[in-house]
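Following: one structure in structure tokens, then a few remarks.
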Amino acid sequence: MSLHVSRHDFDQWMMPVYAPAAFVPVRAEGSTVWDQNGKDYIDFAGGIAVNALGHAHPALQQALQDQAARLWHTGNGYTNEPILRLAKQLIDATFADRVFFCNSGAEANEAALKLARKVAHDRFGAHKSGIVAFTNAFHGRTLFTVSAGGQPAYSKDFAPLPPDIQHAAFNDLEAAAALINENTCAVIVEPIQGEGGVLPAEPAFLRGLRELCDKHQALLIFDEVQSGVGRTGSLYAYMHYGITPDVLTSAKALGGGFPIGAMLTREDLALVMGVGTHGTTYGGNPLAGAVAGKVMELINQPEMMAGVAQRHTWIVEALDELNQRLHLFKQVRGLGLLIGAVLSDDFAGKAKQINLAAAEMGVMVLIAGANVVRFAPALNISEQELRTGMARFAEACESFARGTSS
Ligand SMILES: *Cc1c(COP(=O)(O)O)cnc(C)c1O
């Protein structure tokens, strides 16, 4: 017999770095999730922008099962067919000529930052080690990536931190220009700050960073861990902006729920990383390769991208409609199916309360900081699920508004 477990056990047994919802999901299909009590939820959280094709997609199940029956793991002393096919798909679909595979977004960014340091080391010398990043950015939780992320609350308790990382305000080109110079090896930026509040970069900001990097021979790294794989309605957000980075990191939706990360770059940069300079045991394993290959095949289609734009409109319209009645949000922003509803000053700091009210009504949403309710549903969420979810979200907002006015 298997042990009966409940949400309560989390508080007894787990390191308390998370505060999960009051319910425990046990099963899911499409964009509907069921908990231990059989209650259903519409999923606008998408596993934090991961389940880009929803839950239990038949083609992904098939890809995983077929591969599971064949070969799970070899270690990096051997390559394998699924990961080579995935590499070719990514190369054909992007600016990149070479790919490094790992298991998460943080690892992809860690690889990108190490690559930038080594390129500068080899070509210019040890003095060119500066990394410029942005406040409110999020790049992962390893010591290097959490230091590059611009939220001191996440890094300060783990000091001493890796040196030579500076932060400018996001979307402030002048502030960035003041930090980027001949000692800079890389600039790392999210085309849309996800965790930092669903804040898209201004096109002129990214264009300016591109020019500054070219001028000072620094690498421009786009962290597309959240914005990539169709999320914005383009395969990668750099395509939406028409600004090409030197290095791009991808994870989250790339595996559709199976852990995988990737760092993409050009030939000349990739060749700096010779045999033994970097690696990871599980990176590029056949299971991840098989699933991600199917994800890429299904998402990199014009109809899928058009569907993202259609769903964006439906969600924004529904938010505008409910906001005309309740006046909770001062702005709705984002691209494609990464949408942030920013709370008006009267409700500042209460995004978590709306998230809890939503769960109560049977809809899962994310927050991005204390002031933004974030939507990152599956790119293929059905119109029926989307409309049901938005109706439940409107009810949750009404109940929240009643609660705060009484
Ligand atoms: C989630 C995220 C990461 C970290 O990815 P993990 O897989 O959690 O390590 C890095 N950058 C961005 C932009 C993210 O949204």
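The values are calculated or read from the model by the stated rules, or taken from the named source; none is laboratory data. It should be emphasised that the depicted structure is a prediction, and the values quoted were computed from it without experimental measurement. Here Cβ is always computed from backbone atoms with ideal geometry, including for glycine, and neighbour counts include all displayed protein chains. The protein model used for the area step is the full one, side chains on, heavy atoms only, and it has no ligands, DNA or RNA in it. Shrake-Rupley method; radii C 1.70, N 1.55, O 1.52, S 1.80 Å.
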In the full protein assembly as shown, how much of V24 is accessible to a 1.4 Å probe, in Å² to the nearest 10? 40 Å²
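Hey, could you get me the Stokes-Einstein D for the stretch 354-406, Kirkwood radius over alpha-carbon pairs, 4 °C and 1.567 mPa s, rounded to whole µm² s⁻¹? Don't skip to the end; give the middle numbers.
Values: Rh = 11.6 Å.
Translational diffusion coefficient: 111 µm²/s.
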If I take every Cα pair under 8 Å that is 6 or more residues apart in the stretch 102-224, average their sequence separation and divide by the length, what percent do I get for the relative contact order? 26 percent
Given contacts defined as C-alpha pairs under 8 Å and at least six residues apart, what's the relative contact order of the chain, whole-number percent? 22 percent
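Determine, from the Cβ-Cβ distance of A370 and A204 and an R0 of 41 Å, the FRET efficiency 1/(1 + (r/R0)^6), rounded to the nearest 0.05.
Working: r = 29 Å, r/R0 = 0.70.
Efficiency computed from Cβ-Cβ geometry: 0.90.
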HN-Hα J in Hz across the stretch 133-138 - Karplus 6.51, -1.76, 1.60, θ = phi - 60°, x for Gly and Pro: 9, 10, 5, 6, 6, 10
DSSP-defined beta bridges in the stretch 71-299 - what % are antiparallel, rounded to 5: 40 percent
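Using C-alpha positions alone, give me the convex hull volume of the stretch 80-160 per residue in cubic angstrom. Don't skip to the end; give the middle numbers.
On the way: hull volume 10.5 nm³, N = 81.
Given the Cα convex hull of the stretch 80-160, per-residue volume reads 130 Å³.
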Interchain or sequence-distant (5+) residues whose placed amide H lies within less than 5 Å of the amide H of R27 are W34
Using the Karplus curve 6.51 cos²θ - 1.76 cosθ + 1.60 with θ = phi - 60°, work out ³J(HN,Hα) for each residue of the stretch 222-238 in order, rounded to whole Hz, and write x for Gly and Pro. 9, 7, 10, 4, 9, 7, x, 6, x, 3, 8, x, 10, 4, 10, 5, 4
Amide H contacts under 5 Å for Q193, restricted to residues at least 5 apart in sequence or on another chain and with H modeled in the peptide plane, are L199, A201
Which chymotrypsin sites (Phe, Trp or Tyr not before Pro) in the stretch 1-69 sit in a loop by DSSP (not H, G, I, E or B) and have at most 10 other Cβ atoms within 10 Å of their own Cβ? Y18
Under the Karplus relation with 6.51, -1.76 and 1.60 and θ = phi - 60°, whole-Hz ³J(HN,Hα) for the stretch 251-262, x at Gly and Pro, equal 6, 5, 5, 4, x, x, x, 8, x, 6, x, 8
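For the chain, give me the percentage of DSSP beta bridges that are antiparallel, rounded to the nearest 5 percent. Mind dumping the intermediate values first?
Values: 31 of 48 bridges.
Taking every DSSP beta bridge within the chain, about 65 percent pair in antiparallel fashion.
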May I ask for the net charge around L343, where only other residues with Cβ less than 10 Å from the Cβ of L343 are counted and Lys, Arg are +1 while Asp, Glu are -1? 0
Under a 1.4 angstrom probe, counting protein chains only, how are F258, F134, F101 ranked by accessible area, largest first? F258, F101, F134
Relative contact order in percent for the stretch 71-299 (Cα pairs under 8 Å, 6+ apart) equals 29 percent
Distance check, please: which entries in K252/K294; K294/K352; K114/K156 exceed 26 angstrom between their Cα atoms? K294/K352
Let me cross-check D92: its accessible surface, 1.4 Å probe, with only protein heavy atoms counted, in Å² to the nearest 10? 100 Å²
